[in-house]
Amino acid sequence: MTSESIGGVLGFIVAAIVLTAAFYYVPVGPFARPAPARVEVPAQPVQTVPITPTPRGPVVREVPN
């Protein structure tokens with residue numbers, strides 16, 4: 001066997017693996033796997049609390065010398 005025929009056989013094997021992976025991971029038309037069902041969680045009411053402004057302390061500034 002020459003190196004060209006060995007390369008052709010190995011190329012065919014790699015191409016077959018790539019095509020198999022492509023058909024497995026990518027949905028193809030009507031043969032696509034159905035998406036998993038989404039479970040909807042009912043929203044719970046949020047208890048609101050009146051917001052009061054936060055107390056501010058004294059402003060400290062640097063005094064130049």
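Among the residues of region 22-38, just one is of a type in the set (Gly, Ala, Ser), in a helix (DSSP H, G or I) and modelled with pLDDT under 80, namely GLY29.
Okay, residues lined up against (1) small (Gly, Ala, Ser); (2) out of contact with any Gly (no Cβ under 9 Å at 6 or more places or on another chain); (3) modelled with pLDDT of 90 or more:
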{"residue": "GLU4", "(1), (2), (3)": "no, yes, yes"}
{"residue": "GLY11", "(1), (2), (3)": "yes, yes, yes"}
{"residue": "THR20", "(1), (2), (3)": "no, yes, yes"}
{"residue": "GLU40", "(1), (2), (3)": "no, yes, no"}
{"residue": "THR48", "(1), (2), (3)": "no, yes, no"}
{"residue": "PRO53", "(1), (2), (3)": "no, yes, no"}
{"residue": "ARG56", "(1), (2), (3)": "no, yes, no"}
{"residue": "GLU62", "(1), (2), (3)": "no, yes, no"}
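So the check is Cβ under 7 Å with 6+ separation or different chains; which pairs have a first residue in region 45-64 that's in contact (Cβ under 8 Å) with a residue 60 or more places away in the chain and a second one that's outside any loop (DSSP other than H, G, I, E, B)? That search, which allows pairs on different chains as well, returns nothing.
The values are calculated or read from the model by the stated rules, or taken from the named source; none is laboratory data. Quantities reported herein were computed from a predicted structural model and do not represent experimental measurements. Note: ideal-geometry Cβ built from the backbone for every residue, glycine included; neighbour counts use all protein chains shown.
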